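Student: Supplied in structure tokens, the structure appears directly below.
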Amino acid sequence: MSSMIEDEDSDDPNIQTELTAFRAQWMSELKTSSGAGGWSGRQLRAQGLKRTQDIAREEKATELFLRAVQEEQKGAVYVAIKFYRMAMQLVPDIEFRINYSRPPDADQAGGKYREDSVDGEIEDLLSYFEQDLNLDCSLPKICTPQLDFTQMHISEFPREILMYIFRWVVSSELDMRALQQLSLVCRGFYICARDPEIWHSACSRVWGRNCTKIAPFKSWREMFLQRPRVRFDGVYISKTSYIRQGEASLDGFYRAWHHIEYYRYLRFFSDGHVVMVTSPDDPLAVVPRLRTKNVRMESVLHGHYRLSQETDNQTKVFAVVCKKKEEKATEFQKNRFCRRNQSPEVEHNFHVGLHLSSGGRQSLSKLSWIHHSCHITYKLSGETVITAFDLDSMYQPFIFARVKSYTAFSTQPL
């Protein structure tokens, strides 16, 4: 019965027409829905790309605007105007979109520095600069270029390379004055100039094995600046003058008096080497010749020194100097079978003891004599004769004089 009904329905032309129309409408709806879905997908992708571009443009504008603010605070108004214009060309209302608020802990830390400061001065400047660098950006750099560069800026260097450059600035002569001047460039250089490793290396080079503990100082830098030591950026000069009576004239009518004046020079090096010169020449003629260890003067004495700190907190300098040995060819007389009698080989070593103290406006710039003796050693017999000199008025103290040319060049890093 049902089969008969189905056959009748299938043979009905109206039903076939309705089915055909239904199929056509169904297919048209499917095509419309698929087309609308594809269009909406493309539209979503376009909107996402535009949103990403807008975010990148706003981030760039924010960076330019904040940099303009920094330049304006530094006083570079024209540079600040240039960055303001670039930021507003990207986002016209960037000024109202920037969030100037800082994290709560940063505000507390900033308030702490402001409370601890006295008369507008910040006590812990190193921590203050480190805090500012961390607040400026999530990936802080040592420094930032003031203008746009096509080549690589020094701020792109890794910190290890920057610290190696700083060690070249200090050099083996321990030119800490140049390091202090370099720290005035920017906040990042100030932080690098306070690196404990540099100051620890400088302390180890001065005191050697006696530099194992930082106590009682707070830092290696404080130890280098406050602990008594000799200086390497100049020369210690001692001037001696006296009047000596001369021989009487032939007729005995008068007797001449001679004014004697000469200088002693001491030049210390960071590797423990010391150069001592006694000369009547003026310091303007002698000091430039003491820049290196290879001093070509007849009266020069070379040796080594060491620092000794006694229990009474007095620092003493002990040095042993002698004349450089020069190999001389054996002299023959005209008769080749007869050799001239050689004088016995003798070695002269001078032992010097000095007390380091402060003199004038400079701290630890005075070396006073406490000992001076000559050790004569006869190599054939091995006998040593010691002659101690009386420290009278002819032994004037050494006064330090800084010489800029001594630290003008770096031969090797610290």
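Student: Given segment 165-237, what helices (runs of 4 or more DSSP H) lie entirely inside it while holding 2 or more residues that are open to solvent by 40 Å² or more (accessible area, probe 1.4 Å) and out of contact with any His (no Cβ under 6 Å at 6 or more places or on another chain)?
Tutor: Working: elements: 176-182, 187-193, 196-207, 220-226.
In segment 165-237, the matching helices (runs of 4 or more DSSP H) lie at 176-182, 196-207, 220-226.
Student: Residues of segment 45-62 being free of Cβ contacts under 8 Å to residues at least 12 places away in the same chain and within 27 Å of LEU147 (Cβ to Cβ), which ones? Explain how you work it out, then say what you get.
Tutor: From segment 45-62, those free of Cβ contacts under 8 Å to residues at least 12 places away in the same chain are 45-56, 59; that's our starting set.
Across segment 45-62, the qualifying residues are GLN53, ILE55, ALA56, GLU59.
Student: Considering (1) in a helix (DSSP H, G or I); (2) at pLDDT 80 or above; (3) surrounded by fewer than 15 Cβ atoms within 10 Å (Cβ to Cβ), say which one SER127 fails and leave the rest.
Tutor: Just one mismatch for SER127, condition (2).
Student: All but one of (1) in contact (Cβ under 8 Å) with a residue 12 or more places away in the chain; (2) over 30 Å from ASP392 (Cβ atoms); (3) of a type in the set (Gly, Ala, Ser) hold for ALA215; state the number of the condition that does not hold.
Tutor: Against the list (1) in contact (Cβ under 8 Å) with a residue 12 or more places away in the chain; (2) over 30 Å from ASP392 (Cβ atoms); (3) of a type in the set (Gly, Ala, Ser), ALA215 comes up short only on (1).
Student: Report, by residue number, each residue of segment 290-345 that is outside any loop (DSSP other than H, G, I, E, B) and either among the acidic types (Asp, Glu) or at pLDDT below 65 (or both). Show your work before the answer.
Tutor: Within segment 290-345, the subset outside any loop (DSSP other than H, G, I, E, B) is 290, 300-309, 315-322, 332, 339.
Scanning segment 290-345 gives PHE332, ARG339.
Student: Report whether or not THR240 is under 30 Å from LYS323 (Cβ atoms), open to solvent by 20 Å² or more (accessible area, probe 1.4 Å) and among the polar types (S, T, N, Q). Show your work before the answer.
Tutor: Working: under 30 Å from LYS323 (Cβ atoms): yes; open to solvent by 20 Å² or more (accessible area, probe 1.4 Å): no; among the polar types (S, T, N, Q): yes.
No, not satisfied.
Student: Of all residues in segment 46-82, count the ones that are among the polar types (S, T, N, Q) and either under 17 Å from GLU95 (Cα atoms) or open to solvent by 100 Å² or more (accessible area, probe 1.4 Å) (or both).
Tutor: Looking only at segment 46-82, we keep the residues that are among the polar types (S, T, N, Q), and these are 47, 52-53, 62, 70, 73.
Now narrow it down to the ones that are either under 17 Å from GLU95 (Cα atoms) or open to solvent by 100 Å² or more (accessible area, probe 1.4 Å) (or both): 62, 70, 73.
Number of matching residues: 3.
Student: Tally the residues that are open to solvent by less than 30 Å² (accessible area, probe 1.4 Å) and without any contact (Cβ under 8 Å) to a residue 60 or more places away in the chain, restricting the search to segment 251-265.
Tutor: 2
Student: Look at segment 272-281 and say how many of its residues are open to solvent by less than 80 Å² (accessible area, probe 1.4 Å) and assigned to a loop (DSSP other than H, G, I, E, B). It would help to see each step written out before you state the result.
Tutor: Filtering segment 272-281 down to residues open to solvent by less than 80 Å² (accessible area, probe 1.4 Å) leaves 272-279, 281.
Keeping just the survivors that are assigned to a loop (DSSP other than H, G, I, E, B) gives 272, 281.
Qualifying residue count, segment 272-281: 2.
Student: I would also like to ask the following. When GLU160 is evaluated against the numbered criteria (1) open to solvent by less than 80 Å² (accessible area, probe 1.4 Å); (2) at pLDDT 80 or above; (3) acidic (Asp, Glu), which criterion, by number, is the only one it fails?
Tutor: Exception for GLU160: condition (1).
The values are calculated or read from the model by the stated rules, or taken from the named source; none is laboratory data. Just so it is clear, the structure is predicted and the values come from calculations on it, not from any experiment. We place every Cβ from the backbone using ideal geometry, glycine too, and count neighbours over all the protein chains shown. Quick note on the areas: whole protein, heavy atoms, side chains included, nothing else; ligands and nucleic acids left out. Shrake-Rupley method; radii C 1.70, N 1.55, O 1.52, S 1.80 Å.
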